[in-house]
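The values are calculated or read from the model by the stated rules, or taken from the named source; none is laboratory data. Source: prediction; values computed, not measured. Heads up, the Cβs are rebuilt from the backbone with ideal geometry, glycines too, and the neighbour counts pull from every protein chain shown. Heads up: the accessible areas ignore ligands, DNA and RNA and are worked out on the full protein's heavy atoms, side chains in. Shrake-Rupley method; radii C 1.70, N 1.55, O 1.52, S 1.80 Å.
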Amino acid sequence: MEVQIESSWKLRLQSEFDQPYFSALTAFVRQEYASGECYPPGRKIFNAFSQTPFESVKVVILGQDPYHEPGQAMGLSFSVPEGMMLPPSLRNIYAEVSAETGAPIPASGDLTRWARQGVLLLNATLTVRRGQAGSHQRRGWETFTDAAIRALATERQHLVFMLWGAYAGQKAAFIDPQRHLVLRSPHPSPLSAHRGFFGNHHFQLCNDYLTQCGLTPIQW
């Protein structure tokens, strides 16, 4: 089966496409998109990979699920298209960036500008049914996105992994902290942001690390 994905990622993940779980996943996703409204639009399912090729990745920010309301999901974790109201978690992310950098909170929730600087905005599950959070979990996407994280963790050096919340934190198990910077905190959701996301200094710690490694910091 031919998967439309950015070429450098396709090279690393080809073995996943050839496995039975991925064929079953593809059949499930096609059926879901044919029978009802699902997000993101089909052409945006692999948007995180398109915007941030393998060798361009500097930072990984892991989300869990795409937004499940109309017009929000664009294939980048936490990001919404220009003109959409900022979702609560993204508002909190922007608030922490502003607190750390002094920059004003942007009106736009489109994080493509981060992605193009090397921030891989990856959801663990890449699709969802309208209005039903988690509806495409445990169908194979997690196996696929774990493979992407493992490829980065083993083939690259000096990456920053921002793992927010218990689910993302599990991924630390296969990331070598001697090889990369692993930053963990509570999730930016309004339910947990006040328990340690605010004040985590992740954006400054990230840029300090990138600078120490001779890399250009991110313009958050």
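Values as computed for the structure displayed
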item: Charge context of residue 85, other residues only, Cβ under 13 angstrom, K/R +1, D/E -1; result: -2
item: Percentage relative contact order, the chain, counting C-alpha pairs under 8 Å, at least six apart; result: 22 percent
item: Calculated Cα extents along the principal axes in Å (choose from (i) 60, 41, 27; (ii) 50, 41, 41; (iii) 46, 37, 27), label; result: (iii)
item: At least 18 Å along the helix axis (C-alpha) and Kyte average at least -1.0, DSSP helices within the chain; result: 20-35, 88-101, 141-155
item: Paired Rg and Dmax values of region 115-220, which use every Cα atom, in angstrom; result: 14.8, 44
item: Per residue accessible area of region 66-143, 1.4 Å probe, in Å²; result: 41 Å²
item: DSSP beta bridge pairing in the chain, given as percent antiparallel to the nearest 5; result: 20 percent
item: Mean Cβ count within 10 Å, highest first, over the residues of peptides 101-107, 45-51, 162-168, 28-34; result: 45-51, 162-168, 28-34, 101-107
item: Coil-residue trypsin sites (Lys or Arg not before Pro) of region 109-217, DSSP, other Cβ within 10 Å capped at 11; result: 116, 138
item: Protein accessible area in region 48-92, 1.4 Å probe - carbon and sulfur %; result: 55 percent
item: Amide H contacts of residue 38 (H built 1.01 Å from N, under 5 Å, at least 5 apart or other chain); result: 130
